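Working notes for the structure below.
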Amino acid sequence: MDQAKDQASQQIISRIAASRYFDIQSSVMNNKQMEAAFKKGKIKMAIVFPAGFNEALLHQRKAQIQILADASDPNTASMLTNYVSSIIQDYQNSIDKAAAVPYLIVPEVRMLYNPQLKGAHNFVPGVMALVLMLVCVMMTAISIVKEKETGTMEILLVSPFSPLLVILSKAVPYLFLSLINVASILLLSVYVLDLPVNGSVALLFVESTLFIITCLSLGIFISVKTDSQQMAMLISLMGMFLPTVLFSGFMFPIENMPYPLQLVSNLVPAKWFYLIVKSIMIKGLGFSAIWKETLILGGITLGLLVVSLKSFKIRLA
């Protein structure tokens, strides 16, 4: 947000744009537009040049720049502010060479959503996605494969119950168990980690239910493709744990990955759930801000349900 539009502000903006660490997404005119860009997740950081920036620098030998960063991911926010502060310091050093009296540019850093840079703001949403993924996928897959191993699956399938009810009887208990896990994590985050839920708790539970159904569908699909509990457990742990950790953005920023891996991350349901939980819990946003992520997660869920049920029917045939 360049309120100065003078020589000094334009030179600093040019240096930031030329840096390989940043991409300038937009130029806004007021705080409302800047806040909207943060809420939509379009930007990670904003820089505000006050009016008369170059004049203050020339006549008072001192000027301020405000730096605002999205600290819902505290590590990324700290890294970005350090990078941009270094660029500003380099510009200050370059103009000091031609001046008898040194100049001073003071960056005023403000961390949004997480002023104290607590790790819980990034840790709790990631753990929630990880716990739900492991519990739902692994337990559902193992419970269905166990029936196949012991030979009782055939008895259940020739019973008056339809195959769909047999699957639901295995999946529904883990749905309620996972909702209890969600409630437990939220209670611990609020009363132990001092991390309040800034958004709607009801919306958070609805989105969690959608993600749980996604994980249950994955568990059903794995159970159809495997014939032993050990294989189902191995696939659930290795096949679900690593993608959730690597591609959800919980441990490693997705923006820093090679572009092909960024495309792969779009297929990982935990990535979208992680973004949804951060938006609701940390930023306090409503459905209007997360409808795209919800739509993508719903599409992945629907696709997994269709594939899992079709695979189960084919296996029965």
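The values are calculated or read from the model by the stated rules, or taken from the named source; none is laboratory data. This structure is a prediction, so every number in the text was calculated from the model and none was measured. Virtual Cβ from ideal backbone geometry, glycine too; neighbours counted across all protein chains shown. Note: accessible area is taken over every heavy atom of the protein model, side chains too, but ligands, DNA and RNA are not part of it. Shrake-Rupley method; radii C 1.70, N 1.55, O 1.52, S 1.80 Å.
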Exercise for review: Whole number in Å², please: accessible area per residue of the range 239-305, 1.4 Å probe, ligands, DNA and RNA not counted.
Suggested key: 47
Check your understanding: For Kirkwood radius over Cα pairs in Å, the choices are [x] 22.3; [y] 19.1; [z] 20.1; which was calculated from the structure?
Key -> [x]
Practice item. Relative to the longest principal axis of the C-alpha atoms of the chain, give the angle of the C-alpha long axis of helix 287-316, reported between 0 and 90° and rounded to the nearest 10°. Key: 30
**Study point:** ³J(HN,Hα), Karplus 6.51/-1.76/1.60, whole Hz, each residue of the range 116-126, x for Gly, Pro
**Key:** 8, 6, 6, x, 4, 4, 9, 6, 5, x, x
Check your understanding: When the dipole is taken about the Cα centre of the range 119-227, and only Lys, Arg (+1) and Asp, Glu (-1) are charged at their Cβ, what size is it in debye, to the nearest 20?
Key -> 80
Review point. Ignoring ligands, DNA and RNA, what percent of the 1.4 Å accessible area of the chain is carbon and sulfur?
Key: 64
Check your understanding: If one takes the longest principal axis of the Cα atoms in the chain, at what angle in degrees, from 0 to 90 and to the nearest 10, does the Cα axis of helix 201-225 lie?
Key -> 50
Check your understanding: When the dipole is taken about the Cα centre of the chain, and only Lys, Arg (+1) and Asp, Glu (-1) are charged at their Cβ, what size is it in debye, to the nearest 20?
Key -> 320
Review point. Separation of the range 240-317 and the range 162-222 by C-alpha centroid, Å?
Key: 15
Review point. Each residue of the range 171-180 in turn: what ³J(HN,Hα) in whole Hz from Karplus with 6.51, -1.76, 1.60 and θ = phi - 60°, glycine and Pro shown as x?
Key: 8, 4, x, 6, 5, 5, 4, 5, 5, 5
Practice item. Roll a 1.4 Å probe over the protein chains and send me the accessible area per residue for the range 1-128 in Å². Key: 55
Study note, to complete from the structure: Measuring from the longest principal axis of the C-alpha atoms of the chain, the long axis of helix 269-281 (C-alpha) lies at a number of degrees, nearest 10, equal to 60
Exercise for review: Select from Ser26, Ser189, Ser85 the residue whose mean-square fluctuation is largest in a Gaussian network model of the chain (Cα-Cα springs shorter than 10 Å).
Suggested key: Ser26
Revision key, fill the gap. Between the residues Thr214, Ile167, Leu234, the Cα farthest towards the positive end of the dipole of the range 109-259, that dipole coming from +1 and -1 charges on the beta-carbon of Lys, Arg, Asp and Glu, is from Thr214
Review point. Here are some pairs, Lys170/Lys292; Lys148/Lys271; Lys5/Lys44; Lys44/Lys283; Lys146/Lys271; which of them have Cα atoms lying more than 24 Å apart in this structure?
Key: Lys170/Lys292; Lys148/Lys271; Lys146/Lys271
